[in-house]
Amino acid sequence: MQSAGTLVSSVLPFTEVLVVADCWQAEPDAEAVIHRAIHAAAEIVDADVGEAELAVMLTDDAGIRTLNSNWRGIDKPTNVLSFPALQPSASAPADAPRMLGDIAIAYETTRKEADDAEKPFDHHLSHLAIHGFLHLIGYDHEKDDDAEAMEGLEREILAQLGIPDPYADRDPYADRERMD
């Protein structure tokens, strides 16, 4: 896998990808897929993310289950979790790095979802990375209006990457299934 990403322009955040589970070796392009997805999202969103930092942890179902249990009180694995960083106080040093937060993605759940939906793994991984990134910059999907806005932005970013609409086959009258 490649080393952590570098800034291509001043609008892009510095993204570090940490592989903490051996199962990700089955997807040697995962790090590049994540960098590409987050960079596409950063170029489209209306948010100041330039030169900010974030980390993406590629873990397994056991690792994400622990995070999900500890932070959300839900004792089961999920596909992606986002942890927005606390914003620094006014007394923080001016040269302190600007943190967006952390994203965790579980391999087995991501693989199963991609296989079940009969979509390429890299397309689903891109979607999860974008979804997690949008949470870091303040998007949410708790209310229907917020979910529609977030999903619309996900569709736009994925289209820029040449990835089909992941929501196209969903019943518009069914309750929205939470991604995380």
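Residues in region 140-157 that are assigned to a helix (DSSP H, G or I) and either among the polar types (S, T, N, Q) or closer than 16 Å to D46 by Cα (or both): D146, A149, M150, E151, G152, L153, E154, R155, E156, I157.
Every test in (1) crowded, with 18+ Cβ neighbours inside 10 Å; (2) of a type in the set (A, V, I, L, M, F, W, C); (3) at pLDDT 95 or above; (4) closer than 16 Å to S126 by Cα is passed by L67 save one, and that test is (4). Contact map, region 1-20: first residue of a type in the set (F, W, Y), second residue at pLDDT 50 or above and open to solvent by 70 Å² or more (accessible area, probe 1.4 Å), Cβ cut-off under 8 Å, separation 6 or more or different chains; pairs are F14/E51.
Applying the condition of being surrounded by 20 or more Cβ atoms within 10 Å (Cβ to Cβ) and of a type in the set (G, A, S) to region 1-34 and asking which residue is modelled with the lowest pLDDT yields G5. For region 24-56, a tally of residues being within 19 Å of L161 (Cα to Cα) and free of Cβ contacts under 8 Å to residues at least 24 places away in the same chain returns 1.
Just one of (1) open to solvent by less than 20 Å² (accessible area, probe 1.4 Å); (2) touching a Leu at 6+ places or on another chain (Cβ under 8 Å); (3) without any contact (Cβ under 8 Å) to a residue 24 or more places away in the chain fails for E151. It is (2).
Could you look through region 35-52, keep only residues that are open to solvent by 60 Å² or more (accessible area, probe 1.4 Å) and either outside any helix (DSSP H, G or I) or at pLDDT below 90 (or both), and pick out the one that is farthest from L134 (Cα to Cα)? Write out each step before concluding.
Going through region 35-52, the residues open to solvent by 60 Å² or more (accessible area, probe 1.4 Å) turn out to be 36, 43, 46, 48, 51.
Those left that are additionally either outside any helix (DSSP H, G or I) or at pLDDT below 90 (or both): 46, 48, 51.
On the way: D46: 11, D48: 12, E51: 16 Å.
Only one residue tops the list, namely E51.
Within region 123-148, restricting attention to residues that are small (G, A, S) and out of contact with any helix residue (DSSP H, G or I) (no Cβ under 6 Å at 6 or more places or on another chain), the residue that is surrounded by the fewest Cβ atoms within 10 Å (Cβ to Cβ) is G138.
The values are calculated or read from the model by the stated rules, or taken from the named source; none is laboratory data. Just so you know, these numbers come straight off a predicted model, no measurement behind them. Positions of Cβ are generated from backbone atoms using ideal geometry, with glycine treated the same way; all protein chains shown enter the neighbour counts. For the accessible areas, the whole protein counts, side chains as well, though only heavy atoms, and no ligand, DNA or RNA atoms are used. Shrake-Rupley method; radii C 1.70, N 1.55, O 1.52, S 1.80 Å.
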